[in-house]
1. Can you tell me which residue among Ala181, Ala230 is within 8 Å of ligand 3 (Cβ to nearest atom), in the same structural domain as Ser152 (by TED's automatic domain parsing), touching a residue at least 24 places away in the same chain (Cβ under 8 Å) and buried (at least 17 other Cβ atoms within 10 Å of the Cβ)?
2. Would you call Phe177 assigned to a loop (DSSP other than H, G, I, E, B) and at pLDDT 95 or above?
3. Determine if the stretch 111-121 includes at least one residue that is in a helix (DSSP H, G or I) and either closer than 28 Å to Val198 by Cβ or touching a Cys at 6+ places or on another chain (Cβ under 7 Å) (or both).
4. Condition first: within 16 Å of ligand 2 (Cβ to nearest atom) and either crowded, with 18+ Cβ neighbours inside 10 Å or among the aliphatic types (A, V, I, L, M) (or both). Now tell me which residues in the stretch 193-227 satisfy that.
5. In the stretch 415-441, what residues are part of a loop (DSSP other than H, G, I, E, B) and in contact with a Lys or Arg (Cβ under 8 Å, 6 or more places away or on another chain)?
6. Out of the stretch 141-153, which residues are surrounded by fewer than 21 Cβ atoms within 10 Å (Cβ to Cβ) and away from ligand 5 (no atom under 15 Å from the Cβ)?
7. If you check Gly185, Gly95, Gly155, which single one turns out to be at pLDDT 95 or above and over 24 Å from Arg240 (Cα atoms)?
8. Any idea which residue in the stretch 372-383 is farthest from Thr304 (Cα to Cα), counting only those that are assigned to a loop (DSSP other than H, G, I, E, B) and touching a residue at least 40 places away in the same chain (Cβ under 8 Å)?
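The values are calculated or read from the model by the stated rules, or taken from the named source; none is laboratory data. Remember, it's a predicted structure, so these values are computed and weren't measured experimentally. Neighbour counts run over all protein chains shown; Cβ positions are idealised from the backbone, glycine included.
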Amino acid sequence: MSPRSSVFVPALAALLLAGAGFAATQAPPKAGDAALGAQKYDAYERPAACATCHKDIARQHEQAMMSQAYTHHWDEIEYFGLAVPHAKKDPKFKGAADGCNGCHTPFAFLAGDVPPPLPSANSRANESVSCDLCHTVTGFDGDTPFNFNWISVPGKVKLGTREGVVSPHHVTKKNDFLGTAEFCGTCHNEKDPFGLWVKGTHLEWKAGPHGKAGIVCQDCHMPPSAGRSATMGSELPDLRQHLFHGAHDPGKLSGVIEVRIHPEAREAEPGETMKLTAVFVNAKAGHSVPSGSAEERVLWAHVTARDAKGQVYHLPVDKKGFPGEEYTIASDALAYQDIGEVKGIANFAGLKRDGEVPAGDRIFRLPYLDPQGRMTIMQWNTASFGPDYRLAPLSARAETYTWRLPATLPAGPVVVTAEVYYSRLVSSVAEFMKVPREESEPVKVNSHSTAFTILP
Ligand code: HEC
Ligand code: HEC
Ligand code: HEC
Ligand code: HEC
Ligand code: HEC
């Protein structure tokens, strides 16, 4: 699917440019870093203009994070509180800090309005990733979609995936590119100044079973349902819903990782050793979980046992012994010291690496390491990675919990429960950066219980 897009796209862009009154000799539209300042805000329509006819789509989009990619509290805090000051301290990061806007507020980036006014100024930067950006994208520049290398040709023509659609407000043209995963990949893959893929949702998808089967992002994040796209439009059997729901939708997270746990024997005596095995499955996502902003997400498994008298024991996960495993088992270790450097705090010891995750719990994560080898949540400051211990699509990981049964364990049933939790932002960073609690509040993803009996 991917090679086709970059081939037919320049031809389409040329057609649109001709339609928009551009001379054939004029340079083709710019993409990626080169597009900084290449347009004016006025070239693009506001989402409110589209909303007059496309009511339901507009209401859906308002509830999706992409319509808040510039204004959302944590986005504002990380951009103005870490990225912009870091670029001031070290010019190596200037391109990366400007580039935040290429994905989070493309009109501001195209208008060269960088850094844009604060969200409180209510400028056009607040439109974030909106209708007229996506619906003017003709294709992307290069072989791999990443770092906002989409090509946008604004104007009367709006691009969609259907043939012969008529609208009183605009000309519509069919562009199959909008229906591809590569379109999403232009912003959902990110390469940092060290040349590392610090965001790889599209790359993970492409390498996985959904990519191979051609089940695209749109199929899960914009599923088709019967409806009308515009108030005066015709009834469609398969209207693309603009849900774009991800980690900010508890319903999307709910059950996304499945878990089953079992004991190695159904009966035991106090003082013996019991091994329990839990299997964790990513059965619903078309990419790793967590994906995208994996540097700041925490997905973990918490296993407890309850004896016949109601006493609860926390069971730490067994070590497997692979390199870098220490990052995947919660402890009191400190990390994120680079935040202190950006903030100019002398001798900053760091913050709790795993926030509120109980020590001994397994964390399914990809550790991002700064140039000094310490874990970082500043993805643009990532010089290497630890082991990728996330859950890949349609794959499972088995974890064991070896428990030396206390001599005092009462006879009767022991119920062992494995729970899976997800937190969008490691809680220690959220507290330090004053990000509202909702962003670090753990969401319960799933749980499963099993039982065995203690013989008298
Ligand atoms: C992140 C990019 C993105 C944004 C933002 C976006 N759309 Fe779309 N839209 C798409 C894609 C992709 C499709 C086509 C999906 C497919 O067919 O696979 C689409 C389809 C549509 C369609 C045709 C639906 C159909 O099934 O016939 C309309 C109409 C539309 N969008 C209007 C809007 C409006 C209005 C807004 C803003 C309120 C908006 N879009 C915001 C990406 C976007
Ligand atoms: C005056 C009403 C009106 C306004 C304003 C309007 N549209 Fe439309 N649009 C329509 C109608 C009507 C259709 C056709 C719907 C149908 O027949 O299913 C349409 C269809 C579309 C399609 C589908 C094209 C395809 O190939 O499937 C897209 C995309 C789209 N509009 C985007 C936009 C965007 C982006 C804006 C704002 C910049 C916008 N529209 C503003 C009325 C409007
Ligand atoms: C088979 C269905 C499926 C496909 C295909 C799919 N996703 Fe997802 N996606 C999900 C589910 C389920 C979640 C919720 C789990 C999560 O947040 O990690 C999710 C979450 C996400 C998130 C939030 C990730 C996080 O942890 O912060 C992003 C961003 C995302 N998807 C983008 C994409 C893009 C881009 C593509 C295509 C390259 C894609 N998805 C393909 C099902 C899918
Ligand atoms: C112009 C850049 C851009 C394009 C194109 C784009 N995205 Fe996004 N997307 C973003 C940004 C930026 C965010 C982060 C929003 C935030 O700040 O929370 C995001 C977030 C998301 C999320 C996470 C929502 C959540 O609940 O946390 C999903 C899912 C998603 N996009 C799906 C898609 C899909 C599917 C496509 C292609 C049809 C797509 N995106 C195309 C920039 C883009
Ligand atoms: C290549 C496009 C791209 C670039 C460049 C980019 N981002 Fe993002 N950003 C995204 C996408 C896509 C997501 C959503 C990923 C997900 O849901 O897991 C995101 C998510 C985030 C989030 C988390 C949002 C949330 O609500 O959980 C923050 C904060 C953020 N970005 C800040 C930045 C900053 C600061 C920069 C610049 C240093 C930057 N981004 C550069 C595409 C980009």
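1. Ala181
2. Judged against the criteria, Phe177 is not a match.
3. yes
4. Across the stretch 193-227, the qualifying residues are Gln218, Met222, Ala226.
5. Going through the stretch 415-441, the residues part of a loop (DSSP other than H, G, I, E, B) turn out to be 424-426, 433-436, 440-441.
Hits for the stretch 415-441 are Arg424, Leu425, Val426, Ser440.
6. Result: Asp143, single match.
7. Within the list Gly185, Gly95, Gly155, the selection yields Gly95.
8. Ala383
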